[in-house]
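Some notes on the structure that comes next.
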Amino acid sequence: MPNDNLNDKIDRFTHGIVRRKVKQLIGRAGFTRQDREDLEQEFFARVLQSLASFDPAVAHRNKFITAVVERYVANVLRNKQAEKRDHRRITSLNVTIEITDEGPTELAQTIGDRELDARLGRDRRGEDDLMQLRLDLADVISGLPEAWQTLLELRKSQTMPEVANQMGVPRTTLNDWMRRIRQQFEKAGLREYLQ
């Protein structure tokens, strides 16, 4: 019974206009024939959603459906061609580009840490900050008990179960040590480096 209701709402006219508009979209804005079926489903869904607001006293059903479909085509094209999504701007990092004085080089070779950080939304510490951090960490670590220092050294390359096995200490004890080590770092003002 629900299928009959669906077929009543998606009539021959609706099928025809959706197929025509999708056919017009293929080859534009990066859409290919493989996108046809998905696009048709999106258009049918949009028409079905819009039919809830259809008022026969205002306009004929076919004119209403035509307006819905054409508006959706415009929105799809606008969204697809938005600057950050524009398929025409996508370029392989393996293309060769000309750099003055350096000659041709691959685009991938021109991307540095600054661009990577901007893309990931992070801010790297300067060399002076990193050197100070190393000194602060070494100072705090040197004041820890020898077993805790061993734990930290082994954790650089091993999992907690592997460390527990190598040191012959239960994992629960190691977890307690790690909690207490964090407290020592916090007392030394190194809380921001604990993440």
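Once you have the Cα-Cα distance between Asn94 and Glu146, take 0.36 nm times their residue separation minus that, and quote the gain in nm to one decimal. Intermediate values should be presented prior to the final figure.
On the way: separation 52, 0.36 × 52 = 18.72 nm, distance 5.01 nm.
That pair, Asn94 and Glu146, stretches by 13.7 nm at full extension.
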Q) Contour minus end-to-end for Asn79 and Val169, with contour as 0.36 nm per residue of separation and end-to-end as the Cα-Cα distance? A) 26.6 nm
Q: Just grab the label-to-label distance for Asp35 and Leu190, each label 7 Å out from Cα along the Cβ direction, in nm (one decimal).
A: 5.2
**Q.** Correct choice for log10 I(q)/I(0) by the Debye sum over Cα atoms at q = 0.12, 0.13 Å⁻¹ that was computed from the model, options (1) -0.70, -0.80; (2) -0.79, -0.84; (3) -0.61, -0.72
**A.** (2)
Q.
If you fit an axis through the alpha-carbon atoms of helix 146-155 and take the longest principal axis of the Cα set of the chain, what angle between them do you get, 0 to 90°, nearest 10?
A. 30
Q. Can you tell which of Pro161, Ala74, Gln132 lies farthest toward the positive end of the dipole of the chain, using +1 and -1 charges on the Cβ of basic and acidic side chains (Lys, Arg; Asp, Glu)?
A. Ala74
Q. Using Cα atoms only, what is the angle between the long axis of helix 12-25 and the major principal axis of the chain, expressed in degrees (0 to 90) to the nearest 10?
A. 50
**Q.** Label-point separation in nm, Met131 to Arg71, each point 7 Å along Cα→Cβ
**A.** 6.4
Q) Nearest 20 debye, what's the magnitude of the dipole of the stretch 127-193 about its Cα centre given +1 on Lys and Arg Cβ and -1 on Asp and Glu Cβ? A) 400
(Q) Can you tally the net charge around Gln183? Count Lys and Arg as +1, Asp and Glu as -1, for every other residue whose Cβ sits under 14 Å from the Cβ of Gln183. (A) +3
(Q) Between 0 and 90 degrees, rounded to the nearest ten: what's the tilt of helix 36-51 against the longest Cα principal axis of the chain? (A) 70
Q: Evaluate the charge dipole of the chain about its Cα centre and quote only its size in Debye, nearest 20, assuming +1 on the Cβ of each Lys and Arg and -1 on the Cβ of each Asp and Glu.
A: 1240
Q. What's the lysine pair count for the chain at a Cα cut-off below 18 Å, pairs eight or more apart or interchain?
A. 4
(Q) Assuming 0.36 nm per residue, please report the length gained on full extension of the stretch Arg61 to Arg179 beyond their Cα-Cα distance. (A) 35.7 nm
Q | Per-pair calculated FRET efficiency, R0 = 41 Å: Thr110 and Ser157 via Cβ, rounded to 0.05 | A | 0.75
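Every number here is computed from the coordinates shown, using simple stated rules; none is lab data. Here the structure is a predicted model, which is why all the values come from computation and not from measurement. Here Cβ is always computed from backbone atoms with ideal geometry, including for glycine, and neighbour counts include all displayed protein chains.
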